[in-house]
There are 2 protein chains.
Amino acid sequence: MSKIVWKPGTLLSPVPVVLVSSGAVDSPNAVTVAWTGIVNTNPSMLYISLRPERHSHKIISESGEFVVNLVTRDLVRKTDSCGVYTGAKVNKFKKFNLTPEKASQVSSPMIKESPVNIECKVEKIIPLGTHDMFLARIVAVNVEESLIGEGGKLELKKAKLIAYSHGDYLELGKKVGSFGYSVKKKKQNRVK
Amino acid sequence: MSKIVWKPGTLLSPVPVVLVSSGAVDSPNAVTVAWTGIVNTNPSMLYISLRPERHSHKIISESGEFVVNLVTRDLVRKTDSCGVYTGAKVNKFKKFNLTPEKASQVSSPMIKESPVNIECKVEKIIPLGTHDMFLARIVAVNVEESLIGEGGKLELKKAKLIAYSHGDYLELGKKVGSFGYSVKKKKQNRVK
């Protein structure tokens, strides 16, 4: 099987797709972001990359705060719409029936309908071209009670989260392994 | 449904999981990375975050080059192993039967068994704590011919890529929408 060399492109896949909320509980805004990821484990940090022309860019640049809301099967259509409309002209929370919820560490609202809300404070904004990268410290995580199982274990599978791949929103499928499973198997084999 | 507030953690999900290859075709190394994402559309840029103690950190810091190899169902077990072993002691390509393949723009090898290889040149290294973030320019993308359909359209679904979620490797499932679908639907309704 041979390969074709293409010009540079954003072909990493799958990537997350999240709703980023900002502003305040009484003047909330939301935008859809796929250019996001964890950049550091301790302290826990993530980034979001936003185009400077986005309404959220202005709000977050000024407040230095935002919330990353994970997207579920039930939120896909609203998430898609939040990526198309602009908060400069539309109150997306009202238009798409999203409920602003008070966060614990930031004044940005969380989206009640999302089961996991990650509160963030911006540490640095790095302009890169079409997008500015907001490097942020995670300051709190909010998890819906129904996702917490026995012994306080997070059962994230129940949330029915969505991935984004080359323009498509995809459900998550079958589990095919978990971190370290390839080594554990070997150890069991050795014992036998 | 109420929410529990947790301490900061790396709870973004799902995230990508990739094999990052570095070194040279005759002395290749590979490491598993989930802290990766697209940070800029034009010029196309991505990041990987690596712990300074990783063998790949040293190699990539010195060469300024690496390749991001997307992970398929068939590569999950090897990917898990590449995250556990260290290239300082083990030639992972040999141990796990991975084939180094010459890239077009960088001297780092690509992994032949991966259907999409993203060639990268480091622009900046940002220390953040446990991890250093390598901001990199994408300089070429290599795609397996079998994934290219009619009219040169990329059919990434055929690759059977894997997502990483809270310690689990998951297959990608059903398509539930594609970018802009929520708006297109409305337009069609309007026409009726």
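The values are calculated or read from the model by the stated rules, or taken from the named source; none is laboratory data. Here the structure is a predicted model, which is why all the values come from computation and not from measurement. Glycine gets a Cβ as well: all are built from the backbone with ideal geometry, and neighbour counts include every protein chain shown. Areas reflect the complete protein model, heavy atoms only, side chains present, ligands, DNA and RNA absent. Shrake-Rupley method; radii C 1.70, N 1.55, O 1.52, S 1.80 Å.
For region B:118-169, the candidate set comprises residues that are aliphatic (A, V, I, L, M) and open to solvent by 20 Å² or more (accessible area, probe 1.4 Å); within that set, the residue that is farthest from residue B:101 (Cα to Cα) is B:128. Residues satisfying the criterion are present in region A:61-69 (criterion: in contact with a helix residue (DSSP H, G or I) (Cβ under 6 Å, 6 or more places away or on another chain) and either among the hydrophobic types (A, V, I, L, M, F, W, C) or within 11 Å of another protein chain (Cβ to nearest Cβ) (or both)). Condition test on residue A:175, is it open to solvent by 20 Å² or more (accessible area, probe 1.4 Å), assigned to a strand (DSSP E or B), among the basic types (Lys, Arg) and more than 7 Å from chain B (Cβ to nearest Cβ)? It is false that residue A:175 is open to solvent by 20 Å² or more (accessible area, probe 1.4 Å), assigned to a strand (DSSP E or B), among the basic types (Lys, Arg) and more than 7 Å from chain B (Cβ to nearest Cβ). Scanning region B:100-117 for residues that are open to solvent by less than 60 Å² (accessible area, probe 1.4 Å), touching a Pro at 6+ places or on another chain (Cβ under 9 Å), over 15 Å from residue A:11 (Cβ atoms) and not in a strand (DSSP E or B) yields B:108, B:109. How many residues, within region B:158-178, are touching a Leu at 6+ places or on another chain (Cβ under 9 Å) and of a type in the set (Ser, Thr, Tyr)? Count: 2.
Filtered by the rule that a residue be more than 7 Å from chain B (Cβ to nearest Cβ), open to solvent by 10 Å² or more (accessible area, probe 1.4 Å) and of a type outside the set (Lys, Arg), region A:1-56 gives A:23, A:24, A:25, A:26, A:27, A:28, A:32, A:34, A:52, A:53, A:55.
Run down A:13, A:22 and say which single residue is hydroxyl-bearing (Ser, Thr, Tyr), in contact (Cβ under 8 Å) with a residue 60 or more places away in the chain and part of a loop (DSSP other than H, G, I, E, B).
A:13
I'd like the residue in region B:14-49 that is hydroxyl-bearing (Ser, Thr, Tyr) and touching a helix residue (DSSP H, G or I) at 6+ places or on another chain (Cβ under 6 Å) and, out of all such residues, is farthest from residue B:80 (Cα to Cα). Within region B:14-49, the match that is farthest from residue B:80 (Cα to Cα) is B:22. Checked against the criterion of being among the basic types (Lys, Arg), open to solvent by 10 Å² or more (accessible area, probe 1.4 Å) and in contact (Cβ under 8 Å) with a residue 40 or more places away in the chain, the candidates A:77, A:73 yield just one match: A:73. Among the residues making up region A:126-151, those that are without any contact (Cβ under 8 Å) to a residue 60 or more places away in the chain and outside any strand (DSSP E or B) are A:129, A:145, A:146, A:147, A:149, A:150, A:151.
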